[in-house]
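Right, one structure below, let's go through it.
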Amino acid sequence: MFRMLFHEPCIPPNTGNAIRLAANTGCELHLVEPLGFDLSEPKVKRAGLDYHDMATVSVHADLLEAWSALAPKRVYAFTAHADTFYTDIKYESGDVLLFGPEPTGLSDAVLSDPHITETVRIPMLPGRRSLNLANAASIVIYEAWRQHGFPGAV
């Protein structure tokens, strides 16, 4: 229903947790290289538990290849520098939810990409830099899924 796009993720367990999130919510996970790890690393496998075969995961050589594969109508880029809260968006099936690498977030070049519909933030207390990547994706995916009545959930 929704598509998570991790741009150049660096921390293996975060991607493993995102694989698990994708398997449990029915969303897709798209990863843009370079990755800061190999998907076969034990830390990725351990965090993803036995959900790897239940998740839809695609790896793209670069952002241009991801756009070509996804053909997105709407892309929401998550950054601490946006004014719109993630709860202000009315999510639609097929939306791409774009998250940046753990240490830096999305670069200015990515944030200015013409595919970006809007930049969005998850509120935090002042003086904090960011949330864990997998946690941020979980917050947003569950809000989007909630807005649609959790189709397919038990």
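The values are calculated or read from the model by the stated rules, or taken from the named source; none is laboratory data. Everything numeric here is computed off the predicted structure, so don't read it as measured data. Neighbour counts are summed over all protein chains in view; Cβ atoms, including those assigned to glycine, are modelled from backbone coordinates with ideal geometry. Protein only, heavy atoms only, side chains kept; ligands, DNA and RNA dropped before computing areas. Shrake-Rupley method; radii C 1.70, N 1.55, O 1.52, S 1.80 Å.
What do you reckon, is residue 153 surrounded by fewer than 16 Cβ atoms within 10 Å (Cβ to Cβ) and either of a type in the set (D, E, K, R) or within 26 Å of residue 24 (Cβ to Cβ) (or both)?
Working: surrounded by fewer than 16 Cβ atoms within 10 Å (Cβ to Cβ): yes; either of a type in the set (D, E, K, R) or within 26 Å of residue 24 (Cβ to Cβ) (or both): yes.
Yes; evaluated as a whole, the condition is true for this residue.
Can you name the residue in region 2-46 that is of a type in the set (D, E, K, R) and either modelled with pLDDT under 95 or assigned to a loop (DSSP other than H, G, I, E, B) (or both) and, of all such residues, is nearest to residue 79 (Cα to Cα)? Talk me through it step by step, then tell me what you get.
Quick first cut of region 2-46, residues of a type in the set (D, E, K, R) only: 3, 8, 20, 28, 33, 38, 41, 43, 45-46.
Narrowing the set further to residues that are either modelled with pLDDT under 95 or assigned to a loop (DSSP other than H, G, I, E, B) (or both) leaves 8, 20, 33, 38, 41, 43, 45-46.
Working: 8: 15, 20: 23, 33: 19, 38: 25, 41: 28, 43: 26, 45: 27, 46: 28 Å.
Going through the qualifying residues, I end up with 8.
Would you tally the residues in region 72-110 being outside any helix (DSSP H, G or I) and open to solvent by less than 70 Å² (accessible area, probe 1.4 Å)? Total satisfying the criteria: 24.
Only residues that are in contact (Cβ under 8 Å) with a residue 24 or more places away in the chain and either among the aromatic types (Phe, Trp, Tyr) or under 19 Å from residue 12 (Cα atoms) (or both): list them for region 102-116, please.
As a first pass, look at region 102-116 and keep what is in contact (Cβ under 8 Å) with a residue 24 or more places away in the chain: 102-103, 105-106, 110-111, 113, 115-116.
Listed by number, the residues that qualify are 102, 103, 105, 106.
For region 122-133, the count of residues that are in a helix (DSSP H, G or I), among the hydrophobic types (A, V, I, L, M, F, W, C) and open to solvent by less than 40 Å² (accessible area, probe 1.4 Å) is at least one. The single condition among (1) at pLDDT 95 or above; (2) over 15 Å from residue 29 (Cβ atoms); (3) not aliphatic (A, V, I, L, M) that residue 104 does not satisfy is (1).
Condition check ((1) in contact (Cβ under 8 Å) with a residue 60 or more places away in the chain; (2) under 20 Å from residue 12 (Cβ atoms)) across all residues:
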position: 56; (1), (2): no, yes
position: 63; (1), (2): no, no
position: 74; (1), (2): no, no
position: 90; (1), (2): no, no
position: 100; (1), (2): yes, yes
position: 118; (1), (2): no, no
position: 121; (1), (2): no, no
position: 131; (1), (2): no, yes
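Confirm whether residue 62 is of a type outside the set (Ser, Thr, Tyr), surrounded by fewer than 19 Cβ atoms within 10 Å (Cβ to Cβ) and over 13 Å from residue 5 (Cα atoms). For residue 62, the condition - of a type outside the set (Ser, Thr, Tyr), surrounded by fewer than 19 Cβ atoms within 10 Å (Cβ to Cβ) and over 13 Å from residue 5 (Cα atoms) - is not met.
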